[in-house]
1. Efficiency by 1/(1 + (r/R0)^6): what FRET value for A:Ser442 and B:Lys156, r their Cβ-Cβ distance, R0 = 30 Å, to the nearest 0.05?
2. For chain A, find the longest principal axis of its Cα atoms and tell me its angle to the long axis of helix A:209-220, 0 to 90°, nearest 10.
3. Only sites in a loop by DSSP and with at most 15 other Cβ atoms within 10 Å count here; which trypsin sites (Lys or Arg not before Pro) in region A:69-163 make the cut?
4. If you take each beta carbon of peptide A:434-446 and count the beta carbons of other chains within 10 angstrom, what is the mean?
5. Evaluate the distance, in nm, between pseudo-label points positioned 7 Å from the Cα of A:Arg464 and of A:Phe328 along their respective Cα→Cβ axes.
6. Determine the principal axes of the Cα atoms in chain A, then give the extent along each, sorted from largest to smallest and rounded to whole angstroms.
7. How would you classify region B:136-293 from its alpha-carbon gyration tensor, with a ≥ b ≥ c the square roots of the eigenvalues: rounded for a/c under 1.5, else prolate if a/b is greater than b/c, otherwise oblate?
8. Can you give me the % of accessible surface on region A:356-467 that is carbon or sulfur? Probe 1.4 Å, all protein chains present, nothing else counted.
Amino acid sequence: MNDLIIGMAGSGGDGIVSAGESLISALAREGYYAILTKSFGSQIRGGESSCRLRVATAPVLNPGGTLSVAVVLNWEDFLKFGGELPVGPDTVVIYEKKTGVAPADIPLKIKPSVVMAVPMSEMAMKAAKTLQAKNNVVIGLLAGWFGFGRQAILEGIRRKFGKKGEDVLAGNEQAFAAGFEYAEQNPIGTDKRMSPPAGSGGKRIVTDGNEVCAQAALFAGCKFFGGYPITPATEIMQHLQKDIWKHGGSLLQAEDEIAGIAAAVGATYAGKKSMTATSGPGFSLKAEVLGLASVSELPLVVVNVQRGGPSTGIPTKPEQADLFAAAFSAHGDTVRPILAPISVEDMYGVTVEAFNISEEFQTPVVVLSDQEIAQRKDIIDPVDTSKFKLVDRLAPTAQELEPYVRFRFTESGISPISHPGMKGGSYLAAGIEHNESGAPTSSGEMHARMNEKRLHKMDALKNRRDLFVIEGDADAPLGLIAWGSIAGVALEAVRAARAQGLKVKVLIPKLVYPVVEEVYQDFFASVQHGLVVEQSHQGQLHRIIRMWTNVPRKFTALARSGANPITPADVLAQITQISQTLAASPALVPTA
Amino acid sequence: MSSTTADCGCPPAAPVETYTAKDFRSTLKPIWCPGCGDYGVVTGLYRALASIGRPPHEIAFVSGIGCSSRIPGYTTAYGFNTVHGRALPIAQGIKMANPDLLVLVAGGDGDGFSIGGGHVPHAIRRNLDLTYIVMDNHIYGLTKGQLSPTTPRGAKTSTSSYGSIEEPVNPLLYVLAYGCGFVAQAIPSDMDGMTKVIEEAIRYPGFSFVNIQSPCVTFGDPEDQAKVQKAKMKKLSDLGHDPANRLRAMELAQTYGTDLYTGVFYRNPNPPQTYDHYIRERQEALRPKQAAA
């Protein structure tokens with residue numbers, strides 16, 4: 001096998017998530033790729049917890065659907081995760097024997113062919129004299145049955161427990177060995193062993209979208225961060241507060257979300273690249289100051305790590321339902337670019353791009369990440385930063401400072417920008433409408449010209465076709481559109497469909513807004529049927545695309561509320577169904 | 001003051017050139033009503049800045065929204081007339097991004113103690129080296145005469161036709177209670193006194209606050225105008241008040257709304273290190289060694 005999906009659930013103390021983390025680190029060293037997602041009950045400590053680990057020999061696009069392996073420490077907790085840990089007929093089910101359930105009576109609707117009741121607690125007690133070693137028994141079982149990571153896992157155990165004394169280390173090593181031997185002595189019959197990785201892990205890293213975002217911001221030259229703790233965006237601030245000082249920058253944990261963005265606006269006005277990060281509720285609070293950044297034409301990066309909404313919603317689960325808010329929450333006629341990363345790795349390039357666009361066009365840029373990209377762990381290759389060019393805001397020349405006219409009308413709409421400290425560059429920045437020199441005005445004529453300037457300057461963005469991923473058959477009558485973390489799901493489904501001989505293509509906008517009409521029109525040229533695949537009840541991207549472009553009549557949305565995973569199999573099923581419809585109505589299929 | 005040259009291109013911050021009040025006056029004509037107290041405030045500010053001697057381009061002047069918040073545009077400093085209530089956090093971002101700048105913040109009583117009231121305690125406890133000037137006229141002037149957080153109880157305004165039924169905020173006590181290191185009050189009709197406290201506030205190394213009771217000629221109480229104020233004014237220096245005595249300052253501040261004390265209520269005799277100082281210290285300590293070489 002070259003693709004394995006493991007799902008594990010237990011109660012807080014079972015160390016299930018820690019097992020997932022140990023495994024992904026070991027797999028990275030071995031040379032595999034993987035994605036680890038975690039899911040918890042609403043308790044702050046304890047309660048049920050679970051994780052999914054998808055391991056593959058090639059880069060993994062999404063956390064996948066039906067489990068290849070289900071590890072159940074107790075049934076009650078496992079069942080609470082429902083659709084997040086789906087079991088199919090081919091799933092190998094491994095469960096704690098102590099639960100007292102006979103293999104024939106396990107509480108699943110589907111009867112999997114391989115069901116193993118393993119005395120995990122008993123083995124942990126015997127090996128390490130503590131139930132805390134249970135997760136290493138589980139890791140041993142997985143390593144034994146699925147054939148990966150033995151050496152790397154043992155190294156990991158030594159690293160993790162080496163400092164805690166010889167007894168603890170030996171106990172955990174023995175727990176792992178007990179699981180491994182159990183697996184060897186009780187072969188599961190089907191050949192589920194993972195193929196070896198193509199090469200060694202080298203410098204591959206295990207990271208998540210929030211960490212990548214922080215690193216990319218520093219690379220892009222971010223010198224100030226203002227923010228307020230909010231799930232699932234907080235880790236961006238946590239990472240930055242360690243490192244931003246080393247780059248000569250500073251960070252403010254503000255008294256509230258508004259002060260966070262306000263301080264960031266102050267810093268960018270003072271000439272420094274700056275940033276704030278939040279999630280839906282905080283984004284709503286920041287809306288007014290976002291408008292200030294637009295009208296005073298200040299570069300600023302605002303990350304919104306989307307979670308279930310509205311209001312508190314489901315803070316720990318992903319959703320793609322802040323697109324309307326990101327596009328439309330500022331009052332007045334403004335356009336601010338919205339970028340969305342499609343994977344943990346992609347968060348790097350998208351964050352750098354957000355800084356570049358904000359600097360070039362002197363505008364706030366919103367990065368719409370989501371809880372999954374922000375908090376899942378991916379194994380990624382080290383980012384090759386040499387491919388990025390960094391952009392700085394246009395500074396006035398000596399000539400342009402005599403006298404300096406901050407909002408001068410130019411062909412591009414972009415005017416050179418000074419900052420406090422620059423001699424000759426003094427000007428009045430304001431939320432109030434202003435003339436070219438920055439003086440307040442209530443003239444309708446000037447307002448119209450300034451609106452035109454501020455909107456027109458974004459036109460050049462529409463040439464950025466590199467911010468769109470298009471894959472598949474260029475002349476396909478069936479097209480998909482997907483964005484954010486769901487893009488990886490759509491991409492996998494399209495590849496699977498094409499492998500089956502179906503004609504299909506997918507468009508993934510990383511520049512989600514403004515809607516670049518030409519890109520969609522070109523894409524739609526061959527398309528009769530299709531879908532926007534997105535995790536929002538209303539299908540917000542589908543609706544926004546329709547506001548600006550003529551979509552094919554049978555172009556609909558596979559739109560689902562957040563916290564309800566969309567799997568590659570779900571999308572593939574839709575592709576297959578639409579393909580059948582298309583085949584049944586040949587008149588609609590282009591003949592050429 | 002620091003001698004580091006930031007990448008802003010600022011020269012070392014030392015008052016070497018001589019400036020006059022005129023150097024800080026912009027060509028923009030104020031929109032204030034004739035007789036507005038804010039004309040006096042801006043004049044006093046020009047004079048104070050001339051004695052401070054920092055060039056206008058090294059000054060960032062931030063305000064919120066309201067009549068008084070128009071003030072940055074009437075100076076030659078870098079001005080930022082922002083949104084209602086957010087001048088303080090924006091100013092802190094500026095100072096953090098470039099501690100070499102002289103950062104001034106101004107606004108009205110509504111901006112500072114109503115919509116932006118939540119930022120004041122944090123600006124004080126954080127203690128960046130900023131000066132916050134509130135032009136306190138006890139009314140919302142720009143929106144034509146509504147209740148403000150400092151409107152006295154019983155006052156009839158366009159949103160309290162039967163008289164206000166709430167207690168006003170006491171700006172002086174508010175900032176003293178949160179530990180503000182420099183607290184003063186002034187009136188524009190006492191130009192010399194006002195100029196002096198503005199200058200002292202700017203020179204104070206840390207967050208400083210000046211409440212200027214700046215009368216609104218259009219919507220203000222006829223009993224709260226320049227002449228009345230001047231007659232009512234009691235100079236704290238004449239009373240022999242020791243500005244190092246914080247408890248006495250709080251006692252005197254309690255009479256806000258009845259007595260009109262002017263001058264310095266409190267000046268911390270041992271100013272603690274500022275937040276900007278700690279920023280530099282941390283940046284210095286964590287700067288990669290090879291970059292320093």
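1. Computed FRET efficiency for A:Ser442 and B:Lys156 comes out at 0.50.
2. Tilt of helix A:209-220: around 40 degrees.
3. Those satisfying the criteria are A:Lys109, A:Lys129.
4. 1
5. For A:Arg464 paired with A:Phe328, the spin-label model returns 2.3 nm.
6. 84, 69, 42
7. prolate
8. 50
The values are calculated or read from the model by the stated rules, or taken from the named source; none is laboratory data. On a predicted model such as this, the values are computed, not experimentally measured, just so you know. Every residue, glycine as well, gets a Cβ built from its backbone with ideal geometry; the counts of neighbours run over all protein chains shown. We work out accessible area using only protein heavy atoms, side chains counted, and drop any ligands, DNA or RNA first. Shrake-Rupley method; radii C 1.70, N 1.55, O 1.52, S 1.80 Å.
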